[in-house]
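One structure is given below, encoded as structure tokens.
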Amino acid sequence: MLIKDANKIIVSLSKPEKMPGYAYGLPAPECKTGAKLRLIPDSVCFNCYAFKGNYARFPVILQVQYKRLESLQNPLWVEAMATVINSERVSKLGVFRWHDAGDVQDPEHLQKIFEVCELTPTVQHWMPTREAWVKDHLKNCPKNLIVRLSMTMIDQPAAGTWANTSTVVTKKATCPAPTQGGKCGSCRNCWNPEIKNIAYGQH
């Protein structure tokens, strides 16, 4: 598949300023668990960043995210995503994030992500999620994909039953981005399966 044809199918990748690589963002209003958590004060999703800043300032971002969500139904989506991620522009950065906004929708969506990761073995993938059902499928998770369960409440301890997690804390954060101009810099801990938990500072 040609890259130009693949791009038409997947719509586009996102390129978060903070991140060292590309990502694939979906509409935050379509988060399954997140949509419920947005109604709960002190939950991580109550003040979700994907409803603020540029996400709110530029309506076209949400429009593109919905087009990406629709593209998941295309039978060529897996091949198209793999083609774009394997392109030099993306693969040379070595890392990829699922999702800078939104979350995995259902087991079929998760299986497609697994297949994309298997087809892009030179790239390390990271998927944070609040969908706890994902754990039942991790036996099929490719080695180059790290799935982190994102804890739902601020200052909630990490779930000990998961190999990899992330938390949001009011103190003792381990993510160095706030001291690096809001960027990952040389840090790749989110993609590193040996790092059990990433603690992000509340913002």
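The values are calculated or read from the model by the stated rules, or taken from the named source; none is laboratory data. Treat the numbers as computed from the prediction; the structure is a model and nothing was measured. No Cβ is skipped: glycine too gets one built from the backbone with ideal geometry, and neighbour counts run over all protein chains shown.
A few remarks follow.
- Within the stretch 47-61, not a single residue is touching a strand residue (DSSP E or B) at 6+ places or on another chain (Cβ under 7 Å), surrounded by fewer than 21 Cβ atoms within 10 Å (Cβ to Cβ) and not polar (S, T, N, Q).
Listed here are the residues, each with its yes/no results for (1) at pLDDT 95 or above; (2) in contact with a strand residue (DSSP E or B) (Cβ under 7 Å, 6 or more places away or on another chain); (3) under 19 Å from Arg148 (Cβ atoms).
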{"site": "Arg97", "(1), (2), (3)": "yes, yes, yes"}
{"site": "Asp100", "(1), (2), (3)": "no, yes, yes"}
{"site": "Glu108", "(1), (2), (3)": "yes, no, no"}
{"site": "Ile113", "(1), (2), (3)": "yes, yes, yes"}
{"site": "Cys117", "(1), (2), (3)": "yes, yes, yes"}
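- Taken over the stretch 36-53, the residue count meeting the criterion of being modelled with pLDDT of 70 or more and within 15 Å of Gln65 (Cβ to Cβ) is 2.
- Any chance Ala101 is under 22 Å from Gly34 (Cβ atoms) and surrounded by 21 or more Cβ atoms within 10 Å (Cβ to Cβ): yes
- Screening Pro157 with (1) surrounded by fewer than 18 Cβ atoms within 10 Å (Cβ to Cβ); (2) touching a residue at least 40 places away in the same chain (Cβ under 8 Å) gives one miss only, at (2).
- Per this entry, Cys190 is not counted among residues that are part of a helix (DSSP H, G or I), free of Cβ contacts under 8 Å to residues at least 60 places away in the same chain, among the hydrophobic types (A, V, I, L, M, F, W, C) and under 20 Å from Lys15 (Cα atoms).
- Test: residue in the stretch 171-183 that is in contact with a helix residue (DSSP H, G or I) (Cβ under 6 Å, 6 or more places away or on another chain) and in a helix (DSSP H, G or I): no
Residues are listed down the side, and each one gets a yes or a no for (1) basic (Lys, Arg); (2) farther than 24 Å from Phe114 by Cβ; (3) in contact with a Ser or Thr (Cβ under 7 Å, 6 or more places away or on another chain):
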residue	(1), (2), (3)
Glu17	no, yes, no
Lys36	yes, yes, no
Ile61	no, yes, no
Asn74	no, no, no
Arg89	yes, no, no
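- Residue list for the stretch 101-133, restricted to those being of a type in the set (Lys, Arg) and within 12 Å of the chain's Cα centre (by Cα): Arg130
- Any pair with Cβ under 7 angstrom, 6 or more apart, that starts in the stretch 72-83 at a residue that is in contact (Cβ under 8 Å) with a residue 24 or more places away in the chain and among the small types (Gly, Ala, Ser) and ends at one that is surrounded by fewer than 19 Cβ atoms within 10 Å (Cβ to Cβ) and assigned to a helix (DSSP H, G or I): Ala80/Ile9
- Some residue of the stretch 90-98 being small (Gly, Ala, Ser) and in contact with a Lys or Arg (Cβ under 9 Å, 6 or more places away or on another chain): yes
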